[in-house]
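Written out below as structure tokens is the structure these notes cover.
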Amino acid sequence: MNLAVIGSGGREHAICYKLKQSPKLKKLICIPGNAGTQEIAINIKENVLNFEAIYKIIKKHNIDIVVIGPEQPLVDGLVDYLNKKKVDVFGPNKFSSQLEGSKEFMKNLCKKNNIPTANYGVFDNLNEALNFIKKQKIPIVVKADGLASGKGVTICYSIEEAFKNTKDILEGKFKSSKKVILEEFLEGEELSYFVIVDENSYYFFGSAQDHKKVGEGDTGPNTGGMGAYSPAPLLTNELEKKIKEKIIEPTIKAIKKSGNSYKGFLYAGLMINKNEPYLIEYNIRMGDPECQVLMMRLETDLLEIIDHTIKNDLNNIKIKWSKKNSITIVLCAKGYPFEYIKNSEIKNISNINLDKNNQIFHAGTYKKNGKIYSSGGRVLNITSLAENLSIARDKCIKEIKKINWTDGFFRKDIGWRGINKK
Ligand code: AMP
Ligand code: GLY
């Protein structure tokens, strides 16, 4: 089969890496890809929001299935566009993508279906929002309604801070958002829970925990993710049953009831408090960097899984996971998550051992004249699979030290909660 992967991050490199192992794969293209995907797929430079151009590439390369990595093309309706042209796509349509694309949509769906989540209010009027804030407890969480590349959420520790962030959002700080969501602050530990969904059923697709804060000890500003580990030691059978019954199943049922369907990965960002799950957010795609650790643990052919999903036949496949633990550490460009160094040469990447227990997934990289350069804030994902989290982390750090890149930095404490639990 011929597959196309859309995106250019570590997530998409990890998906390509896994697809490449399938005996059924004939051709793999990545749009636009990075220096890592270039080694295993045909990279084709194109704007992932230019649907017409994407369609032309897909036709030219006789692609059987398109796998969409990032949220923006999903939220913008790339699936609907390609489906209309009879192209099979792995990913949810525009309607279902509102689960991530509109926090108001997601919160209202929760409320209507008794899905546990933080109490909230949605406002497009500043005075009404400010009156609401005055009546709430501090901290209060202020969120932009639409996509904001992980920058739309602030936990506010004073009324003034909440006012300022609310005003910024309503005055158009994020193009995607004309509304603000004001939310109760939830205490607890975060857990990423993944399922894969087709029109008839859904299947567990791994658990992970990630580190959103830039600094060690989970301090400093939020990022897209500084590292992740899987499985999440927090997830017990009892907790999983609650997550499925109270959150995942009512969501899928609600989507169906509205006359729609869901196809692809669904990622629940949860807060666990006293062994009870609360939904913080839905993502309609794989996590990045969570995908990198999940792909290391996945033992079933990913192409087979995707093909079964396209055919609404997930019921007839068994998905197997390694019992080992995986960690990924994100090597970032200095300055990230603010203004960061770009176009800086990274040396000695080829010194890293690559095998089924050790991989390096590229994110913001490109290759020029045989040399690798950085182009993004999150640049490389050094990923290991081992008997336990502590060994996996030591292996990642040992490998990172082989890379010669003075413009980069990383967190040495990825997985600390999981490691302390053992
Ligand atoms: P979101 O984009 O909604 O996932 O929010 C980003 C991050 O903000 C989450 O991963 C949490 O760490 C934090 N967060 C969001 N909403 C809440 C909440 N209601 N209570 C506590 N933390 C939250
Ligand atoms: N790592 C968080 C995300 O992908 O949204």
Positive end of the dipole of the stretch 122-252, charges at C-beta (+1 Lys, Arg; -1 Asp, Glu), about the Cα centre: which of HIS211, ILE248, LEU234 has its Cα farthest in that direction?
HIS211
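At 1.4 Å probe radius, can you tell me the per residue accessible area of the stretch 198-336 in Å²? Walk me through the numbers on the way to the answer.
Working: 4970 Å² over 139 residues.
With the other protein chains kept in place, the stretch 198-336 gives 36 Å² per residue.
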How large is the accessible surface per residue of the stretch 379-422, computed with a 1.4 Å probe and reported in Å² as a whole number?
46
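Once every DSSP H run of n ≥ 4 in the chain is given -39500 (n - 2.57) and the sum is divided by its residues, what mean residue ellipticity at 222 nm do you get, rounded to the nearest 500 deg cm²/dmol? Let's see the in-between values first.
On the way: 14 runs with 119 residues, N = 422.
Theoretical 222 nm ellipticity from helices: -8000 deg cm²/dmol.
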Alpha carbon Rg of the chain, scaled by the compact-globule rule 2.2 N^0.38 Å
0.95
Skipping prolines and chain starts, which residues have an amide H placed within reach, meaning under 5 Å, of the one on GLY227, given they are 5 or more residues away or on another chain?
HIS211, VAL330
Could you calculate the contour length gain from SER201 to LYS178, that is, 0.36 nm times the residue separation minus the distance between their Cα atoms, to one decimal place in nm?
4.8 nm
Dipole magnitude of the chain about its Cα centre (Cβ charges: Lys, Arg +1; Asp, Glu -1), debye to nearest 20
620
Calculate one ³J(HN,Hα) per residue across the stretch 292-300 by plugging θ = phi - 60° into the Karplus curve 6.51 cos²θ - 1.76 cosθ + 1.60, and present them in order as whole Hz with x for glycine and proline.
4, 6, 5, 5, 5, 8, 5, 9, 8
For the stretch 267-282, just list the computed ³J(HN,Hα) in residue order, Karplus coefficients 6.51, -1.76 and 1.60, θ = phi - 60°, integers in Hz, with x standing in for Gly and Pro.
10, 9, x, 10, 10, 9, 10, 6, 6, 10, x, 10, 7, 8, 7, 10
Compactness summary of the stretch 28-149: radius of gyration and Dmax from Cα atoms, Å, are 19.4, 58
Leaving out ligands, DNA and RNA but keeping every protein chain, what accessible area does HIS308 have, in Å² rounded to the nearest 10, with a 1.4 Å probe?
40
Projected onto the charge dipole of the chain (+1 at Lys/Arg Cβ, -1 at Asp/Glu Cβ, origin at the Cα centre), which of ASN165, SER322, ILE349 gives the Cα projection farthest towards the positive end?
ILE349
Fraction in percent of alpha-carbon pairs per bin - 5 Å, the stretch 139-220:
3, 12, 16, 18, 17, 16, 10, 5, 2, 0
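Between Rg and the Kirkwood Rh of the stretch 191-300, both from Cα atoms, what is the Rg to Rh ratio?
Values: Rg = 14.3 Å, Rh = 14.6 Å.
On the Cα set of the stretch 191-300, Rg over Rh gives 0.98.
Can you quote the Å³ per residue value for the convex hull of the Cα atoms in the stretch 98-199, rounded to an integer?
On the way: hull volume 12.2 nm³, N = 102.
In the stretch 98-199, the Cα hull volume divided by residue count equals 120 Å³.
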Along Cα→Cβ, 7 Å out, is where each label goes; now give me the distance between the ones at LEU126 and GLU171 in nm to one decimal.
0.7
Under 5 Å between amide H atoms, partner at least 5 residues away or on a different chain: which partners does LYS179 have, H built in plane at 1.01 Å?
ASP145, GLY146
With +1 on the Cβ of every Lys and Arg and -1 on the Cβ of every Asp and Glu, and nothing else charged, how large is the dipole of the stretch 148-293 about its Cα centre, in debye rounded to the nearest 20?
680
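Say the cut-off is 21 Å between C-alpha atoms; which of LYS143/LYS178; LYS56/LYS311; LYS26/LYS311; LYS84/LYS311; LYS103/LYS167; LYS151/LYS241 go over it?
On the way: LYS143/LYS178 11 Å; LYS56/LYS311 24 Å; LYS26/LYS311 19 Å; LYS84/LYS311 17 Å; LYS103/LYS167 18 Å; LYS151/LYS241 32 Å.
Pairs exceeding the cut-off: LYS56/LYS311; LYS151/LYS241.
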Any chance you could run the full-extension gain for ILE352 through LYS398? It's 0.36 nm times the residue separation minus the Cα-Cα distance, nm to one decimal.
15.6 nm
Skipping prolines and chain starts, which residues have an amide H placed within reach, meaning under 5 Å, of the one on TYR340, given they are 5 or more residues away or on another chain?
none
Coil-residue trypsin sites (Lys or Arg not before Pro) of the stretch 1-36, DSSP, other Cβ within 10 Å capped at 15
LYS24, LYS26
Percent of alpha-carbon pairs separated by more than 12 Å within the stretch 51-97:
56
Could you tell me which residue out of ASN388, PHE409, GLY370 lies farthest along the dipole of the stretch 340-422 toward its positive end? Charges go on the beta carbon: Lys and Arg +1, Asp and Glu -1, centred on the Cα centre.
PHE409
Take each of the peptides 52-59, 343-350, average the number of other beta-carbon atoms within 10 Å over its residues, and list them starting from the highest.
52-59, 343-350
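With a probe of 1.4 Å, find how much accessible area the stretch 62-185 has per residue, and write the answer as a whole number in Å².
Accessible surface, normalised per residue, equals 49 Å².
Only Lys, Arg, Asp and Glu count, each charged at its Cβ (+1, +1, -1, -1), so figure out the dipole size of the stretch 1-147 about its Cα centre, rounded to 20 debye. Walk me through the numbers before you get to the answer.
On the way: 22 positive and 14 negative charges, 67 e Å.
Its charge dipole is roughly 320 debye.
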Cα pair distances in the stretch 75-146, grouped into 5 Å bins until the bin that holds the longest one, percent each:
3, 14, 18, 17, 16, 11, 8, 6, 4, 2, 0
Which whole-percent values make up P(r) of the stretch 234-292 when all C-alpha to C-alpha distances are grouped in 5 Å steps starting at zero?
4, 16, 24, 25, 20, 8, 3, 0
Can you pull the three principal axis extents for the Cα set of the stretch 290-422, in Å, largest first?
48, 38, 29
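Roughly to the nearest percent, how much of the accessible area of the chain is carbon and sulfur, given a 1.4 Å probe? Working shown, then result.
Working: 8740 of 18430 Å².
Carbon with sulfur: 47 percent of the solvent-accessible area.
The values are calculated or read from the model by the stated rules, or taken from the named source; none is laboratory data. Being a predicted model, the structure only gives us computed values, none of them experimental. Using ideal geometry, Cβ is built from the backbone for each residue, glycine included, and neighbour counts are taken over all protein chains shown. Note: areas computed on protein heavy atoms with side chains; ligands, DNA, RNA excluded. Shrake-Rupley method; radii C 1.70, N 1.55, O 1.52, S 1.80 Å.
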